[in-house]
Amino acid sequence: MRHCGKTLRHLKHDDVNLESFLTAAQRNLIIAIFESIHEAGVRHCDIRADDLMLTEAGEPVIVDFDRARFNPIAMKGWEMIFLYREFTYPLVAGPRNPSWIFGNFKEIGAGTDVTKRWQEEFGSIYLFRGLLSSRRLYAADVKALSYIVANDSRYVRLPNTVSFRARLLGNGGRSHCDWRRPQTPGKRDEFLHVVHPSLTSAHSYRVQNQAFGAPQIRFLTEIFVEKAAELRDVWAAELAKGNSAAPGHRVDVADGLKRMTLDVVGRAGRCFNYDFHALADTGRPTELTEALTNLFHSPNTRRNFMFVEFQSLIPALKFLPLPGRKTLANAHAAMFSIASQIVSDSKRDILAQAEKSFDSSKRDLLSVLLKANMSTSVPAHQRMSDAELISQIPTFVLAGHETTSNATSWALHSLSLHLATQKKLREELFTLSSENPTMEELNSLPYLECVVRETLRVHGPVAFMERIATQDDVLPLSRPYIDTAGRSHDTFPIRKGQIIHMSILAFNHNTEIWGPDAREFRPERWDNVPSGAGAIPGMPHPNLFSFFAGQTNCIGYRFSLVEMKALLFTLIRAFEFEPAVPSKSIGYGHNLVHAPVYLDEPERGSSLPMILKPVNKQEY
């Protein structure tokens, strides 16, 4: 109890004459307290001497409202609405709300296992509280999530997510998972506004297919392998400079992979002759890598995004210089500066080759966009402005850079902890004689496929997704939930505005699907996939929720998978990876992306120190 003092019963036991002890002002204040409570529609119903307290300062306080009742007649309209929504909500269990302002936000930020522990306690359907005690429905029921992803018009992205992406990415600020095919002919799709809204959906879908289809990824595989080899050579040079008597060399694997994937994104549009040169100078970060690191991987990231969410809940806060505002502006400026240069150079090159036929092999996103936008067959009023074209590039950079580097970091970390698995993978990789494998050759290696899938299952780059209901609805459930009154329910009623927290890791770590070792890294499990995994709504990549699902699944999944395979192919053939620090010292960064963090040095942000040794190729 936060008040310190004595109740009237205690004072009576102390032989205090209450009539003379209580001043007139104190008695009047007690009456005023009851009047204000009654005006709010509350009746105490059980007032006793134990329920009236005097603090040490002599302030009267009323306590113990266990048997209180509400009187709706005395309440104001907003109070009636609030209490009606609060007390008619389904009696679903969940963790205690420790703070009206922060809800359970700080608890979730303390560790990624919090929601999974709550699931073990409360089941696959439970409630927790977000900022300002906003109600979040945690849903890890297979049937419920399949329904949500199949009805993406009823369950959409949260306003704070949309607002953040718009502030960071401009007009192109849609997630790469929003690049989707229109559901009905003639309906405007949401392919990042890749073409002007007045252009047809069929045209935008053709552009989408050209940019991320199998033929284009086959063409880009050469770039993936080339940049992976460049990273290999950088690390090999570091090993050569080290102490020859030492058994290995310590390298921050996460930093090298972030640089490599950033270079790949630049070279994926190589018809623009743009290179970020992130691998060329490992001594200092580039302007873009530094801006993205400060935004996504600094120790202050979670705090900054907390204020972003506060701004969406209280729009007036957008006008205040809150923490994170400058960091977001710097990242926006760095990406758009580079994007402006790319578009300007690319338009000049295309105009210079106007008399030549367009190279059909150049089917990357921006090349197709520019060529279509500059076509004389497109009316001037239907063409995208330079600002709209520029806004597409940051989205592609962000989507293709962060997720693959983090996933590959976790793959190398897992392999360093399972040396027999690492050796088995290396033996398979050396069955290919070529140093420059094609996409088909990479996809023909079954154990490499198992390692990649298991990494995405155990260490998905994104821990969860959230959606908000646009209308009242009813969620079907694969198994009933028991409410706090002990009653069983086969469905769950959803109100308009309800936020649903969908845990990707909960699906991928579900022991009922994957067995008691669900959290362990064991690639062999993919040789015989459990039947229950077929229920996971993980298309286009079956049995995994890591690329989301439904109409808003990640269209860039082929790009990410082949790039990851090219990295593992090149690096595992060149180095033996061992932990540089105890495995317990490596954890998840509690930020938007699931990046590895060295817990003993959290100020470094995303980091994964490892020991590298050159592979003796004669053994293979």
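The values are calculated or read from the model by the stated rules, or taken from the named source; none is laboratory data. These numbers come from a predicted model, not from an experiment. Using ideal geometry, Cβ is built from the backbone for each residue, glycine included, and neighbour counts are taken over all protein chains shown.
Quick check on region 410-430. Is at least one of its residues outside any helix (DSSP H, G or I) and at pLDDT 95 or above? Yes, the conditions are met somewhere in region 410-430. In region 297-321, the residue that is modelled with the highest pLDDT out of those that are under 16 Å from the mean Cα position of the chain (by Cα) and of a type in the set (Ser, Thr, Tyr) is 301. Within region 336-350, being among the basic types (Lys, Arg) and within 10 Å of residue 370 (Cβ to Cβ) holds for one residue alone: 347. Screening region 470-498 for residues that are surrounded by 13 or more Cβ atoms within 10 Å (Cβ to Cβ) and of a type in the set (Gly, Ala, Ser) and picking the one that is nearest to residue 133 (Cα to Cα) gives 497.
Listed conditions (1) touching a Phe, Trp or Tyr at 6+ places or on another chain (Cβ under 8 Å); (2) at pLDDT 95 or above; (3) of a type in the set (A, V, I, L, M) are all met by residue 451, apart from (1). Taking the criterion of being surrounded by fewer than 18 Cβ atoms within 10 Å (Cβ to Cβ) and at pLDDT 80 or above, would at least one residue in region 242-264 satisfy it? Yes, because at least one residue in region 242-264 is surrounded by fewer than 18 Cβ atoms within 10 Å (Cβ to Cβ) and at pLDDT 80 or above. Against the conditions (1) within 20 Å of residue 125 (Cβ to Cβ); (2) within 21 Å of the chain's Cα centre (by Cα); (3) modelled with pLDDT of 90 or more, residue 506 satisfies every one except (3).
Which residues, counting only those in region 406-436, are of a type in the set (Phe, Trp, Tyr) and touching a strand residue (DSSP E or B) at 6+ places or on another chain (Cβ under 7 Å)?
Result: 410, single match.
In summary, residue 132 fulfils each of the numbered conditions (1) buried (at least 21 other Cβ atoms within 10 Å of the Cβ); (2) touching a residue at least 40 places away in the same chain (Cβ under 8 Å); (3) under 14 Å from residue 306 (Cα atoms) with the single exception of condition (1).
For region 363-394, residues that are within 27 Å of residue 261 (Cβ to Cβ), at pLDDT 70 or above and polar (S, T, N, Q) total 1. Among the residues of region 582-589, some residue qualifies, meaning at least one is at pLDDT below 75 and crowded, with 19+ Cβ neighbours inside 10 Å.
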